[in-house]
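The values are calculated or read from the model by the stated rules, or taken from the named source; none is laboratory data. Predicted, not measured: the structure shown is a model, and the values here were computed from it. Neighbour counts run over all protein chains shown; Cβ positions are idealised from the backbone, glycine included. SASA here: full protein model, heavy atoms, side chains in, ligands and nucleic acids out. Shrake-Rupley method; radii C 1.70, N 1.55, O 1.52, S 1.80 Å.
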Amino acid sequence: MTRVQVAAPEKSGCREGEPSRGSRAEPWKIRGAAPVPAEGMIPSGSRDTAHPWRLAFGLAALAVAANLALAGTAASFLAAVALAGAGPAALAFNIHHPAGLVRLFALLRTGARYGERMAGHRAALADQVRRRSRLFAALARAPESRGAGWQLGRPERLADYIDDVADIDFARLRVGFPLATTGTALLALAVATAWLAPLALVPLAGLAVAGLARARVTARRLAAGEVRVRAARRRGAADLGAVLAGAVPLTAEGRRGAALKAALDPLRDAERETADGRRALARFEALLGLAGPGTALAVLLAAWAAGQRGTGLLPATFLAFAWLGIAEPVLALARSLLGAVRARAARAALGDGEGAPPKPESPPVTAAGALALRGVRLRAPGGRDLGPAPDLTIAPGRQLVLVGASGCGKTSLLKTLAGWSDDRPGEAIRLGGVSLPALGRRAATHLALHDAAILADTVRENLFAPGAADCDLWAALAMVELAGRIRAGGGLDAWIGEGDLSLGEAQRLALARAALSPAPVILLDEPAEHLGDDQAARILARLLAAWADRAVVLTSHRPDLALPARIVSLDARRDAADRAVSAV
């Protein structure tokens, strides 16, 4: 695999003291929005989130221990008061020490639970930032994302996508964390039971076996139900989307009601399946609810059978009510089981490309040089073959314009050059004489599509040049005649969205991104689509002059653009054998 090493851009020429993005010590602010954190403030690895998770686990363990101690101390206190009241010991009984312990354990439980919620959610949100970044990077690398459309363009996939991401984001908080804390507490109570009332381990083992068996059955039921629910939801979402898109003709034909019913039936099936899963989970919760009282009774009976009487029964009473105190965390295990099933299904649906080992890299290409393509075939977005593309060589400083009718494969050829499609046998694309696979082409090219998205973020972030100085950003905006509009709108830190710019302004912002890119190959898809003739000619002339040392390929359905570039016509209406390549 070939990696293209792009030389660092030349010094910006900013005047001394002029602000730049990289030199700021404080995070910049947006009017009407919260401050954006500096890069170092965002956790990026497991070491960054390990400390919050350890703190959360420690606080959770303290909360559980305080809860168990509170229940046991309160029960032992009441039992001791009852025993003392039965004789003259009541006159010398000291209630202050156990009462103080009850207050201490209650305060510890409350404070530790609050701290555990804060630390646990902080750790989970930090993991979420890191995980979503990796997830979106994996989606961007996926073949379907680089093809004609993204998976979120499919309504049946959108039905589950948001829930899938949330299920993975909080799997550790909702599944792993409760299992760890509750499991530790159960182990400690089991050890104490073996010491104080070993006979109680027999019914305790029976309850554990029954609970594990029921958990396994419930997990299988929930997993099978989740598969059916997802299938039904996707089928219903796709059918409902089709019905809503064709509402007018269906109404005219008198078939809208029947079509809506047919589309909603799978959604109703999904709801029924979800209700069945809830009932199975409720049965599991009922069994867990019996575990606490059953174990407490078993401990007391075992201690009584072992001959513990009077004050000798107080330790067993403490332990029995500690088992009652753990009932609440044990009941949460049912929700953890559901979370585990959903997280597993979400990972399978998303492909969960996290943690995939990086692919080995080949020695970098240090010189850009000419871009050459041989044996490349054009393909429509749906995969239909459009015939061979002309064999071309684009030398730096000799820009190429691809023209042709709509649908002839101009944009598809640019995406192939940019590495958006997988490598195919017989196709060769070289840069500076070195063969570039798809991954290498993605690193060596900048593709500016005519419908490039505008992010709901600041102008600065929308320029995709995090290391550029402010004066370089303003120079790029001036080159595309957008600097005045941005200054009037609040500057580089002004917040913009998809609807805040006109089509022409969004087009020029995409061209400013290309002007700031250090890639040795620049690919522009219909750069004059939403611009007037004079403005398009001015802007493109400036950009091409600035890219004199790079390979530049443009597409256009307007062959009359007065550009100092070689023009190649792709006519998709001709047969592949008669495809013409004409140079003007």
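Residues in region 498-558 average 34 Å² of solvent-accessible surface per residue, probe 1.4 Å, ligands and nucleic acids excluded. Here the 3J(HN,Hα) profile of region 127-133, calculated from phi with Karplus coefficients 6.51, -1.76 and 1.60 at θ = phi - 60°, is 4, 4, 4, 5, 5, 5, 4 Hz, Gly and Pro shown as x.
Between the amide H of residue 379 and those of 386, distances stay under 5 Å, these residues lying 5 or more places away or on another chain, with hydrogens modeled in the peptide plane. Which whole-angstrom value gives the distance between the alpha carbon centres of region 203-251 and region 297-318? Using only Cα atoms to place each centre, the spacing works out to 47 Å.
The relative contact order of region 416-511, computed from alpha carbon pairs under 8 Å that lie at least 6 residues apart in sequence, is 31 percent.
Under 5 Å between amide hydrogens, built in the peptide plane, is the criterion, and for residue 457 it picks out 496 among residues at least 5 positions away or on other chains. The distance from the alpha carbon centre of region 170-191 to that of region 415-467 is 46 Å, rounded to a whole number. Restricting the trypsin sites (Lys or Arg not before Pro) of region 241-334 to loop positions (DSSP other than H, G, I, E, B) with no more than 11 neighbouring Cβ atoms within 10 Å leaves 309. Residue-wise HN-Hα couplings along region 480-495, as the Karplus relation 6.51 cos²θ - 1.76 cosθ + 1.60 with θ = phi - 60° gives them from phi, are 9, 6, 10, 5, x, 5, 5, 4, 5, x, x, x, 5, 9, 6, 7 Hz; Gly and Pro carry x.
Remark: spin-label model distance residue 483-residue 114 equals 5.5 nm, labels positioned 7 Å along the Cα→Cβ axis. Taken one residue at a time, the phi angles of region 541-552 give Karplus couplings (6.51, -1.76, 1.60, θ = phi - 60°) of 5, 5, 5, 5, 5, 6, 9, 5, 9, 10, 8, 10 Hz. Gly and Pro are set to x.
For residue 569, the residues whose amide H sits under 5 Å from its own are 403, 582, ignoring neighbours fewer than 5 places away on the same chain, with H placed 1.01 Å from N. With each label modelled as a point 7 angstrom along the Cα→C-beta vector, the residue 227-residue 166 pair spans 2.5 nm. Here each label is just a point 7 Å from Cα along the line to Cβ, and for residue 194 and residue 252 those points are 7.8 nm apart.
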